[in-house]
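The values are calculated or read from the model by the stated rules, or taken from the named source; none is laboratory data. Nothing here was measured: the structure is a model prediction, and the numbers come from that model. Methodologically, a virtual Cβ is constructed for each residue, glycine included, from the backbone with ideal geometry; neighbour enumeration extends over all protein chains shown.
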Amino acid sequence: MKIVNLTAGIVGVLLLVGAVTLAITNPKQEAFENFAVQRIREDACKKAPLGLASQCPKFVDDNQAEIKKVITRNTDRQDFLLFSFYQTDLSVRAIVPDLAFLPGMPTYHFETVGLFGKFYIYEAKKR
């Protein structure tokens, strides 16, 4: 019986340590904004239309504050203390309103989980 109690106690402590670790490393909204801007710079700029791909990284760097505001306005964060879910809907028009005249500019939907201080995109859809 003592072994069962000892095992249960150890498992309980390990679960508590795991939960505390998850709670401490649950990334905040600001960290998500930085992550999203970096992903735009690294991934979306490669797909920029009309030869804008070469100018896109500089545009993102020069306009990070504004892009973060767009990301915040278009992201729904659900914080579960141990981890967070983020649902983001972005369009090129939202980020660069001057390109609104271009036809067929898609919208993208991303679902991301934040845990252990990192972000993992588990769904990305072009709409």
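Taking region 69-82, which residues are in contact (Cβ under 8 Å) with a residue 40 or more places away in the chain and either assigned to a strand (DSSP E or B) or within 12 Å of the chain's Cα centre (by Cα) (or both)?
72, 75, 77, 79
Taking residue 59 and the conditions (1) among the aromatic types (Phe, Trp, Tyr); (2) assigned to a helix (DSSP H, G or I); (3) within 12 Å of the chain's Cα centre (by Cα), which numbered condition does it fall short on, given that it satisfies the others?
All conditions pass for residue 59, except number (3).
For the condition modelled with pLDDT of 95 or more, of a type in the set (A, V, I, L, M) and either in contact with a helix residue (DSSP H, G or I) (Cβ under 8 Å, 6 or more places away or on another chain) or on the phi < 0 side of the Ramachandran plot (or both), what is the one hit in 95, 121, 40? Even if it seems obvious, please write down each step before you answer.
Values: 95 fails: modelled with pLDDT of 95 or more; 40 fails: modelled with pLDDT of 95 or more.
Every option except 121 fails the conditions.
Those residues that are of a type in the set (S, T, N, Q) and surrounded by 15 or more Cβ atoms within 10 Å (Cβ to Cβ), I need them from region 64-80; list them, please. Walk me through it before giving the result.
At the first step, the residues of region 64-80 found to be of a type in the set (S, T, N, Q) are 64, 72, 74-75, 78.
Scanning region 64-80 gives 64, 72, 74, 75.
From the set of residues in region 83-97 that are surrounded by 16 or more Cβ atoms within 10 Å (Cβ to Cβ) and under 10 Å from the mean Cα position of the chain (by Cα), which is nearest to residue 125 (Cα to Cα)?
88
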